Every structure is written in structure tokens, then in C-alpha cells.
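**Q** My questions will all concern the structure given below.
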Amino acid sequence: MIGKHLLSMNQLTAHDITQILDTAESLRRVTDRPIKKLPTLRGRTVCNLFYEASTRTRISFELAAKRLSADVINFSADSRSSVAKGESFKDTAWTLEAMGVDAIIVRHGSSGAPHQLAQWVDAHVINAGDGAHEHPTQALLDLFSIRERFKEIEGLKVAIVGDIIHSRVARSNVKGLITMGAEVTLVGPATLIPREAASWGATITHQLDPLLEDLDVCYLLRVQKERQNEQLFPSLREYANLWGLDARRMSKMKADALVMHPGPMNRGVEIAAEVSESPRSIILDQVANGLAVRMSLLYLMLGSNEGIDA
Amino acid sequence: MARAPERDFALKARVMGADDVRRALTRVSHEIVERNKGTDDLVIVGIRTRGAPLADRIATAIAGFEGVDLPSGALDVTLYRDDVALRGPRSLEATTVPGDIDGRIVVLVDDVLFTGRTIRAAFDAVLDMGRPRAIRLAVLVDRGHRELPIRADHVGKNLPTSAEEVVQVHLEEIDGEDAVLIGEHR
């Protein structure tokens, strides 16, 4: 049972995740045909409420909703909206509610903002990234991409490399991968791995090289360049030397092992250009699969007024 | 069609057995070819769930007596239904329609024709995949009570029912036996 809102990967069981991925697989075939639109969510309205920058998540949600015939409103909290006049998050939420939106896809710089929103409105709320907390739809599309290649997620060895402490992608992915039975290792400088990570069920290490030959998936996180000023790692070059995936490191990986990245990439820092363009890299598959996974979620959550029954 | 779960179904009569189903499908298969004056451009497409194995059987039967390989496929119309919001989202199954349907004759196959709403959804699903020259409809059982102006071209058995009754089709591939049962909600 997915529930009315999707706020965190914590709320999804292996059964729920499998249902979302199976539905996405059926929906992806629709995107291969000349007429890509389905009438399923005709008359429903979905609002993208983005308080932070986004390219793929916002476009992907917009396209997913449109492919299912829902109406879409894009709201960016920038100089063109009333947020610039000081309208609060709560008043914005009530305004959307008054306009009768059925679902709000929210991205916000503060952890927990989607939870707060879910308490204010009757609409379905989907977390599209909140602070350093979670980004569940990214985790779902990553699980879909991994399952597509390996058929089974259970037992796979996955390393998530880089800035774990600031990464909502890492938090959601660790939860999703562990729920599906993968073995997860978090790799990065000690300064970028949060203390509480010990309780997440993943192994923690600071060296990438010894892991490489056993990995099925090497998942690289974006180095948030703005963090450099916080002195959490010495320099971008040193980061690339120790944790960046270049051709030499990639050559140690198994023949069928995959390289993943949630985007946007810093080529030459966490990932070398030739790695991002190699056949192992499924970075563009991740983007394409995001559309199918988001269509699946919108269908399963908005398909009925009462939410989904198993 | 809205089929009550097994536990809510009180059997009143077994209206077709395995032999009846086989004979009806054989006749329908011949009718499809006769109506089409041959097998040119025919594509047999079953509506999931139970239309799919029926379509395969019809395609196999036609291949048997006409000596040609006939394309067959299956259609999941869930995303095109007009009652998604009422019934809630259901798991999706694969839609596998062979090749290009532009200019071909698509024969839709379903187990029970009742309100006609499933067929309406199937029209939209097929038309989103291309522009067939014609769509025809073959059903194992027509039980009446249409809510839309739709009729079948080929019918295995006309079964007069009351609106309260429930018609269940069982198929070897899914249920382990071939039978058509009539009953009511308990």
C-alpha cells in the first residue's frame, strides 16, 4: 500500500516498490509508440511546486503528467511568483488547494517541507527532493534502471560514492536498495559521511579502489562544488584523485558492472568524461526511465480517489 | 467484465463445458475467415485478461485450417477505461500487438460482452496504435445489457441473463479448465 503521499522511501515495502517498477515497465512501452498519450488521468490537475532549481525532475514530472492527460501547472518560487512578495509556503499551499489541484510535486530546500505540506492540503503530495533528506522518485528510477539490467536487485553489490552527508539521493537510494535486498557500501571522505549513516544498514568505507572489482553498480554522487568552501575536502583535484571514477578505475570493474549518476555531472571531478560516455554508463537510461517511473507513481496514486488498494 | 471474486460467487448453472467452448471457438474462427474472405491483413488481438488466450486459440485454429501464420496479440485496456477513478488503479499487463496495424483488419477478442465499456476502451487503445482499416469484435459469450451502442460481429454463445447475474468464463490457460458459469453474488 503506497499511501496517499510519497514522502520517503521508508514508507515503501519491497512489494510496493515491485508494483511501482512493474507498472513503470508496462508504461514505458507506451513511450515507444507514435501516439504517446494515455487518457487515464484526464481532468486531474498536477502542480509542480519547485522552490529549488531542477531540470530533469521537473521536466520529467511534467511530461509524465501530460502523457497521462493530466493538466499541469508549473510553479517556480522565483522572482515571477508571489513568493518574491513574501508569500509563505503555507499560503502558497492553500492557494493551490483553493484552485483544486489533485497532486503537488514539491521540491524544497528544507528537509521535511513535503511532510509539512501534506498536513496542510488534501491533495496528494510527492516529494521531489527536500533539503538533504530524501528524493524518493530518484531512488525508484535508479532501482528500475538497475533491475532492467540485472533482472534482480537482491544480492547486488552497490557502492554509493561521494558526498553522502548532503545527498538526499544517497539517503533515498540506500533505503530503497536495502529494502530490495542489495548490499550497499557508502564510500567517501569521513567528512562527507554522516555519523548516523552507521544505522542505515550499509557498510561504510573511505577507499574506493579495494571495492571496485566486486561491484555490480558504482553510483557516483555529484560533488556539490559550493561545499568546497566548507573545507570538507581539500580540493576538487584531490577529490578526483581519491574518489573520482576515471578510466583506470573503471577498468578494474567487472565486465557487466554499471556506472550510475543522478546528474547533473561534474565531468573530471566525480566522473571522467570517458566514463560517463562508456557503455557501462546508464546515466541517460536513468533519465529516460524517470519518465516511466513517474507515470507509474502518478497512475497508482491518482488513479482513484481513495488511493491505491493492494 | 466485472467478475466477482470466487468466494462471492454462487453457482446457478454451468452453461458451457470444454467441448462447447471448443466448438464455439472453432465456428467463430471459421466465421472470421469467411467474413474476411480469407486471412489477408487479419490481426487477432485479445483483450486481457481472458481475451488473450482466446485470441491465441483462434489464431492457432485459423492457422490450422487455412495453413497460414496469423499474427495475434494481447491488449491491456486498463489505462483507457472510463472507471479508473471508481475502481482504483490496477496492475498493468503487457500490451503486445504484432507489428504495424495501419490498414489491417483488427479482430478484437474478449470472453464476455456485457456493458460494452471494455470494448469502447479497447477501440481507443487500438486507435492510439495506428489506423486499422476496420475493427471487428469476436466474443465467446454475449450476455446482453449494453450501456453503449456496440455489438459483436462473431458470438460463441448468446446468453440471456439478468443484470444481477454474474457470468464467469474459465479458461484452461488461466483457470485450469474450460467452462462458462452463471451465478450470482452471494
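The values are calculated or read from the model by the stated rules, or taken from the named source; none is laboratory data. Note that the structure is a prediction, hence the values are computed from the model and not measured. All Cβ positions, even for glycine, are placed from backbone atoms using ideal geometry, and neighbour counts span all protein chains on display.
**Q** Could you list, ordered by first residue, the pairs with Cβ atoms under 9 Å in which the first is in the stretch B:118-131 and within 16 Å of A:LYS36 (Cβ to Cβ) and the second is in a helix (DSSP H, G or I), at least 6 apart or interchain?
**A** B:ASP124/B:TYR80; B:ALA125/B:LEU79; B:ALA125/B:TYR80; B:ASP128/A:VAL30; B:ASP128/B:TYR80
**Q** With the condition kept exactly as written, say whether any residue in the stretch A:202-224 is under 27 Å from A:TYR51 (Cα atoms) and basic (Lys, Arg).
**A** Looking for residues that are under 27 Å from A:TYR51 (Cα atoms) and basic (Lys, Arg), one finds at least one in the stretch A:202-224, hence yes.
**Q** Also, quick follow-up: In the stretch A:68-84, is there at least one residue being of a type in the set (Asp, Glu) and part of a strand (DSSP E or B)?
**A** Yes, because at least one residue in the stretch A:68-84 is of a type in the set (Asp, Glu) and part of a strand (DSSP E or B).
**Q** Please specify each residue of the stretch A:23-49 satisfying the condition of being surrounded by fewer than 16 Cβ atoms within 10 Å (Cβ to Cβ) and charged (D, E, K, R). If you could, list the steps in order and put the result at the bottom.
**A** Let us first name the residues in the stretch A:23-49 that are surrounded by fewer than 16 Cβ atoms within 10 Å (Cβ to Cβ), namely A:29, A:31-37, A:42-43.
Result: A:ARG29, A:ASP32, A:ARG33, A:LYS36, A:LYS37, A:ARG42.
**Q** Moving on to the next point. Can you name every residue in the stretch B:97-139 that is more than 14 Å from chain A (Cβ to nearest Cβ), among the hydrophobic types (A, V, I, L, M, F, W, C), touching a helix residue (DSSP H, G or I) at 6+ places or on another chain (Cβ under 8 Å) and surrounded by 22 or more Cβ atoms within 10 Å (Cβ to Cβ)?
**A** Here is the first cut: in the stretch B:97-139, the ones more than 14 Å from chain A (Cβ to nearest Cβ) are B:103-116, B:118-119, B:133-139.
From what is left, the residues that are among the hydrophobic types (A, V, I, L, M, F, W, C) are B:105-109, B:112-114, B:119, B:134-135, B:137-139.
Going one step further and asking which of them are touching a helix residue (DSSP H, G or I) at 6+ places or on another chain (Cβ under 8 Å), we end up with B:106-109, B:113, B:135, B:137-138.
If the condition is that a residue be more than 14 Å from chain A (Cβ to nearest Cβ), among the hydrophobic types (A, V, I, L, M, F, W, C), touching a helix residue (DSSP H, G or I) at 6+ places or on another chain (Cβ under 8 Å) and surrounded by 22 or more Cβ atoms within 10 Å (Cβ to Cβ), then B:VAL106, B:VAL107, B:LEU108, B:VAL109, B:LEU113, B:LEU137, B:ALA138 are the ones that fit.
**Q** Starting from residues that are at pLDDT 95 or above and not in a helix (DSSP H, G or I), keep the ones in the stretch A:1-38 and report whichever is nearest to the other protein chains (Cβ to nearest Cβ).
**A** Applying the filter and picking the extreme gives A:LEU6.
**Q** Within the stretch B:36-58, track down each residue that is on the phi < 0 side of the Ramachandran plot and exposed (fewer than 14 other Cβ atoms within 10 Å of the Cβ).
**A** Listed by number, the list holds a single entry, B:ASP40.
**Q** A further question on this structure: Can you spot a residue in the stretch A:235-245 that is outside any loop (DSSP other than H, G, I, E, B), at pLDDT 95 or above and either assigned by TED's automatic domain parsing to the domain that holds A:VAL125 or touching a helix residue (DSSP H, G or I) at 6+ places or on another chain (Cβ under 6 Å) (or both)?
**A** yes
**Q** How many residues does the stretch A:220-265 hold that are under 15 Å from A:LEU208 (Cα atoms) and touching a Gly at 6+ places or on another chain (Cβ under 7 Å)?
**A** Selection size over the stretch A:220-265: 4.
**Q** Looking at (1) within 14 Å of chain B (Cβ to nearest Cβ); (2) more than 14 Å from A:ASP102 (Cα to Cα); (3) of a type in the set (Lys, Arg), can you tell me which one A:ARG42 breaks?
**A** For A:ARG42, the exception is condition (2).
**Q** If a residue must be free of Cβ contacts under 8 Å to residues at least 40 places away in the same chain and within 14 Å of another protein chain (Cβ to nearest Cβ), how many such residues does the stretch B:53-75 contain?
**A** The total comes to 2.
**Q** In this structure, does B:PRO149 turn out to be away from every other protein chain (no Cβ under 14 Å) and closer than 30 Å to A:ARG33 by Cα?
**A** Numbers: away from every other protein chain (no Cβ under 14 Å): yes; closer than 30 Å to A:ARG33 by Cα: yes.
So B:PRO149 fits the description; yes.
**Q** Can you find, within the stretch A:50-68, the residue that is surrounded by the most Cβ atoms within 10 Å (Cβ to Cβ) among those that are without any contact (Cβ under 8 Å) to a residue 60 or more places away in the chain and either in contact with a Ser or Thr (Cβ under 6 Å, 6 or more places away or on another chain) or within 18 Å of A:VAL101 (Cα to Cα) (or both)? Steps first, answer last, please.
**A** Looking only at the stretch A:50-68, we keep the residues that are without any contact (Cβ under 8 Å) to a residue 60 or more places away in the chain, and these are A:53, A:59, A:62, A:66.
Cutting the leftovers down to either in contact with a Ser or Thr (Cβ under 6 Å, 6 or more places away or on another chain) or within 18 Å of A:VAL101 (Cα to Cα) (or both) gives us A:62, A:66.
Numbers: A:GLU62: 19, A:LYS66: 16.
Here the answer is A:GLU62.
**Q** Go through the stretch B:44-69 and report how many residues are farther than 28 Å from B:GLN168 by Cβ and among the hydrophobic types (A, V, I, L, M, F, W, C).
**A** Residues in the stretch B:44-69 being farther than 28 Å from B:GLN168 by Cβ and among the hydrophobic types (A, V, I, L, M, F, W, C): 3 in total.
**Q** Right, another one. Might you let me know whether the stretch A:287-300 holds any residue that is touching a Ser or Thr at 6+ places or on another chain (Cβ under 9 Å), away from chain B (no Cβ under 14 Å), closer than 21 Å to A:THR185 by Cβ and surrounded by fewer than 23 Cβ atoms within 10 Å (Cβ to Cβ)?
**A** No - not one qualifying residue is present in the stretch A:287-300.
**Q** Taking the stretch A:203-242, which residues are in contact with a Pro (Cβ under 8 Å, 6 or more places away or on another chain) and under 14 Å from A:ILE165 (Cα atoms)?
**A** Passing the criteria: A:HIS206, A:LEU221, A:ARG222, A:LEU232, A:PHE233.
**Q** Further, regarding this structure: Looking at A:GLU52, A:GLU87, can you tell me which residue is more than 14 Å from every other protein chain (Cβ to nearest Cβ), over 24 Å from the mean Cα position of the chain (by Cα) and not in a helix (DSSP H, G or I)?
**A** Working: A:GLU52 fails: over 24 Å from the mean Cα position of the chain (by Cα).
A:GLU87 is the lone residue from the list that is more than 14 Å from every other protein chain (Cβ to nearest Cβ), over 24 Å from the mean Cα position of the chain (by Cα) and not in a helix (DSSP H, G or I).
**Q** Can you tell me how many residues in the stretch B:111-128 are of a type in the set (Asp, Glu) and more than 14 Å from B:LEU148 (Cβ to Cβ)? Walk me through it before giving the result.
**A** To start, the set of residues in the stretch B:111-128 that are of a type in the set (Asp, Glu) comprises B:111, B:124, B:128.
Keeping just the survivors that are more than 14 Å from B:LEU148 (Cβ to Cβ) gives B:111, B:128.
The total comes to 2.
**Q** Could you say which residue among A:LEU140, A:LEU186 is farther than 30 Å from A:ALA64 by Cα and either aliphatic (A, V, I, L, M) or in contact (Cβ under 8 Å) with a residue 24 or more places away in the chain (or both)?
**A** Numbers: A:LEU140 fails: farther than 30 Å from A:ALA64 by Cα.
None of the others qualify; the one that does is A:LEU186.
**Q** When you scan the stretch A:290-299, do you find a residue that is hydrophobic (A, V, I, L, M, F, W, C), in contact with a strand residue (DSSP E or B) (Cβ under 8 Å, 6 or more places away or on another chain) and assigned by TED's automatic domain parsing to the domain that holds A:HIS166, even just one?
**A** Pass one, the stretch A:290-299, residues hydrophobic (A, V, I, L, M, F, W, C): A:291-293, A:295, A:297-298.
With in contact with a strand residue (DSSP E or B) (Cβ under 8 Å, 6 or more places away or on another chain) added as a condition, the list becomes A:297-298.
From what is left, the residues that are assigned by TED's automatic domain parsing to the domain that holds A:HIS166 are none.
No - not one qualifying residue is present in the stretch A:290-299.
**Q** Of the conditions (1) closer than 28 Å to A:ILE59 by Cα; (2) in contact with a Ser or Thr (Cβ under 7 Å, 6 or more places away or on another chain), A:ALA170 fails just one. Which one is it?
**A** Here A:ALA170 clears every test but (2).
**Q** Let me confirm something: among A:GLY100, A:GLY86, which residue is touching a residue at least 12 places away in the same chain (Cβ under 8 Å) and either in contact with a helix residue (DSSP H, G or I) (Cβ under 6 Å, 6 or more places away or on another chain) or more than 13 Å from A:ARG294 (Cα to Cα) (or both)? Talk me through it step by step, then tell me what you get.
**A** Working: A:GLY86 fails: touching a residue at least 12 places away in the same chain (Cβ under 8 Å).
None of the others qualify; the one that does is A:GLY100.
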